[in-house]
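S.K.: Can you keep this structure in mind? I'll have questions shortly.
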Amino acid sequence: TAMQEGVLVLAPDGTVRLINPAMEGMVGRRDTEVLGRTYLEVIRQPRLNEFITEILKRMTASSTEIVFGTGPERTFQVQASPLVQGTEESPGLVLVFHDITDLRRHEQVRKDFVANVSHELRTPLTTIKGYIEALQDGGVDDREQRARFLETLRKQTDRLNLLITDLLLLAKIESGQVPLKQEPVALAGLIDRTVGLLRPLIDQKQHRVVVKIPAELPPIRGDEERLGQVFSNLLDNAIKYTPEQGTITISAELGKAAPPPAMIEVSVVDTGIGIPLQDLPRIFERFYRVDKARSRELGGTGLGLSIVKHLVEGHGGAVIVESLPGRGTKFLVRLPMATTPVLPYRT
């Protein structure tokens with residue numbers, strides 16, 4: 001296989017002696033354009049040029065981290081070493097460029113994740129601690145007020161439990177520890193059960209839920225329990241962000257895309273508050289919320305849509321979101337069609 005690291009060999013005066021194909025791609029120029037030229041003409045990165053200038057003076061091994069690129073920015077670990085021939089140092093310098101962009105990106109994701117988890121855990125814990133201290137201080141003699149305090153404690157404890165449950169599930173999904181069954185699943189029955197489970201929340205907000213699933217629609221292929229989580233999360237999301245007396249429509253049809261494998265397309269459409277255009281690309285990120293205060297007030301963990309995306313993609317499907325502020329949101333889930341009949345639902 002071709003060498004992935006970029007290699008640049010310089011003479012003592014800084015002219016380019018050798019450049020490999022990977023390095024050509026990094027600087028955006030062919031070897032015929034750079035051989036014999038100085039590195040200052042070849043590399044348009046001040047920090048890297050300073051590093052090379054210093055190494056040519058000292059002729060000692062060193063390394064640094066540089067961000068540059070002719071297209072999207074990339075991060076490189078640059079290792080510089082004097083050329084050695086036999087027992088004598090041959091004047092010149094070899095630089096090896098290791099692309100560590102993905103490593104740095106993963107490190108940043110991990111840091112952001114730890115910071116977000118810490119914040120999300122601290123919020124309910126701070127509330128719980130405050131109410132416990134108020135009760136311990138004996139400042140709540142009124143029975144009704146004490147009951148309100150205890151109800152708040154219960155809600156915050158439930159929220160903490162839900163957050164931890166979602167965190168553990170997401171961690172298992174991402175590490176491949178959630179095996180997904182590949183069985184035929186009747187979509188109509190799955191949606192009916194999902195709506196039934198969330199019926200109290202639907203009735204509380206006086207929502208109208210319309211289900212349009214053709215009787216002749218083939219079954220989907222997947223894990224019934226996990227697919228139930230997908231549609232439960234999507235429906236719960238629609239309920240939360242749709243004002244009272246709004247409408248939520250769940251429909252399904254055979255996918256129109258070709259060639260096979262055939263897909264079933266399931267839409268969950270609401271008449272809710274919608275999502276601003278700039279937020280749509282990040283809606284499936286862990287802990288990303290369009291309106292943080294509103295989401296927490298409604299009991300969201302910020303992980304539901306991330307779980308949806310991972311589970312759907314784990315089934316070989318895809319999930320797409322379309323939305324306009326004030327006009328509602330549509331989630332389109334594409335799932336593979338089963339090729340065998342559906343077995344009776346197991347309770």
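The values are calculated or read from the model by the stated rules, or taken from the named source; none is laboratory data. The structure presented is a predicted model; accordingly, all values stated were derived computationally and were not measured. Cβ coordinates were reconstructed from backbone atoms using ideal geometry, including for glycine residues, and neighbour counts include every protein chain displayed.
S.K.: Considering segment 317-338 alone, what residues qualify as being more than 23 Å from K240 (Cα to Cα) and not in a strand (DSSP E or B)?
M.R.: G317, A338
S.K.: Here is a follow-up. Among the candidates L169, L180, single out the residue that is among the aliphatic types (A, V, I, L, M), more than 30 Å from A11 (Cβ to Cβ) and more than 18 Å from the chain's Cα centre (by Cα).
M.R.: From the options L169, L180, the qualifying one is L180.
S.K.: A further question follows. Kindly provide the set of residues from segment 198-234 that are loosely packed, with under 14 Cβ neighbours inside 10 Å and in a helix (DSSP H, G or I), ordered by number.
M.R.: Residues satisfying the conditions are R199, P200, L201, D203, Q204, E225.
S.K.: Right, next: Which of the residues spanning segment 152-179 are outside any helix (DSSP H, G or I), surrounded by fewer than 16 Cβ atoms within 10 Å (Cβ to Cβ) and either in contact with a Pro (Cβ under 8 Å, 6 or more places away or on another chain) or of a type outside the set (S, T, Y) (or both)?
M.R.: If the condition is that a residue be outside any helix (DSSP H, G or I), surrounded by fewer than 16 Cβ atoms within 10 Å (Cβ to Cβ) and either in contact with a Pro (Cβ under 8 Å, 6 or more places away or on another chain) or of a type outside the set (S, T, Y) (or both), then G176, Q177, P179 are the ones that fit.
S.K.: Inside segment 192-238, can you point out the residues that are of a type in the set (A, V, I, L, M), closer than 22 Å to A338 by Cβ and free of Cβ contacts under 8 Å to residues at least 40 places away in the same chain?
M.R.: The answer is I213, A215.
S.K.: Could you check D270 against (1) at pLDDT 90 or above; (2) among the acidic types (D, E); (3) more than 19 Å from G328 (Cβ to Cβ) and say which number it fails?
M.R.: (3)
S.K.: Taking the condition of being surrounded by 12 or more Cβ atoms within 10 Å (Cβ to Cβ) and either within 12 Å of L160 (Cα to Cα) or polar (S, T, N, Q) (or both), how many residues in segment 120-138 meet it?
M.R.: 7
S.K.: Of all residues in segment 311-326, which are free of Cβ contacts under 8 Å to residues at least 24 places away in the same chain and out of contact with any strand residue (DSSP E or B) (no Cβ under 6 Å at 6 or more places or on another chain)?
M.R.: E313
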